[in-house]
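The values are calculated or read from the model by the stated rules, or taken from the named source; none is laboratory data. Everything numeric in this text was worked out from a predicted model, so none of it was measured. We place every Cβ from the backbone using ideal geometry, glycine too, and count neighbours over all the protein chains shown. Surface accessibility is based on the protein's heavy atoms, side chains included, excluding ligands, DNA and RNA. Shrake-Rupley method; radii C 1.70, N 1.55, O 1.52, S 1.80 Å.
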Amino acid sequence: MRAKSTELANIVGHPFNPSSSKQVAEVVYTELGFKPTHTTPTGLVSTDDQELKKTGHPVAKGIIEYRRLSKMKGTYSDNLVFWSIPDANGIPRVHTTLKTTRTETGRLSSADPMNFQNIPTRNKEGKAIKNGFIAPDGWLLGEGDLGQIEMCVQAHAANCKGLIELFLRGDDPHTVTASKIFGVPYEEAAKSKYRYPTKRANFGIIYLIGALGLSEQI
């Protein structure tokens, strides 16, 4: 993060705090001359990632990357260290509480001390953090998947023959959708660059996401 902050300072010509919305707005919209297109509910110029991406400037891209790294460190790495408690062998361990009644979708939620279900795994930092979860000797880490439960409920509630047949075949709905949208074979569509956007679309549509929200997510 320090290296990224220094890199941004060198591009702009002076140091600034990439975590400060006010300083970011000053750099991007005043010094670099980009026109703001959105304001916050309080009337301030928006400097969220979607707005910064519109500029296409290296400084904006660097700020977004800095924020990502900052979240990885603060929300995940630092918190895991903070909430860890040494076990009988002195090895730091963290435990979460799985709750069964907190979500409208019927899925499990994780809390106390933190949510272990939202640790990113699509980038190298997230994968490195996930690799830090190691079971004690004689124990195993288990992994569970609810198997597209929302899509299954939707298929049943709508009596959608296409979806029902898809599940009976054992196919993945997101991969099938990706194959149709991008016009690639099923095996090719399983790649993240095809499957992930259509996964966001499939789940988003179930929860009545708007066109703007969907376009931002994918």
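If you check ILE85, ILE63 for being open to solvent by less than 80 Å² (accessible area, probe 1.4 Å) and either among the acidic types (Asp, Glu) or within 26 Å of THR121 (Cβ to Cβ) (or both), only one passes: ILE63. Could you pull out the residue among ASP48, ASP87 that is acidic (Asp, Glu) and touching a residue at least 40 places away in the same chain (Cβ under 8 Å)? None of the others qualify; the one that does is ASP87. All told, TYR186 meets the bar of being surrounded by fewer than 16 Cβ atoms within 10 Å (Cβ to Cβ), at pLDDT 95 or above and within 28 Å of ASN123 (Cα to Cα). Scanning the stretch 163-182 for residues that are closer than 18 Å to LEU146 by Cβ and either open to solvent by less than 50 Å² (accessible area, probe 1.4 Å) or basic (Lys, Arg) (or both) turns up LEU163, LEU166, ASP171, ASP172, PRO173, HIS174, THR175. Within the stretch 56-85, the residues that satisfy the criterion of being closer than 30 Å to ASP137 by Cα and either modelled with pLDDT of 95 or more or among the β-branched types (Val, Ile, Thr) (or both) are THR75, VAL81, ILE85.
Yes or no: ARG93 at pLDDT 90 or above, open to solvent by less than 70 Å² (accessible area, probe 1.4 Å), closer than 23 Å to GLY213 by Cβ and of a type outside the set (Asp, Glu)? Considered against the rule, which asks whether it is at pLDDT 90 or above, open to solvent by less than 70 Å² (accessible area, probe 1.4 Å), closer than 23 Å to GLY213 by Cβ and of a type outside the set (Asp, Glu), ARG93 comes out as no. The single condition among (1) touching a residue at least 40 places away in the same chain (Cβ under 8 Å); (2) open to solvent by 50 Å² or more (accessible area, probe 1.4 Å); (3) under 30 Å from GLY142 (Cα atoms); (4) part of a loop (DSSP other than H, G, I, E, B) that SER19 does not satisfy is (3).
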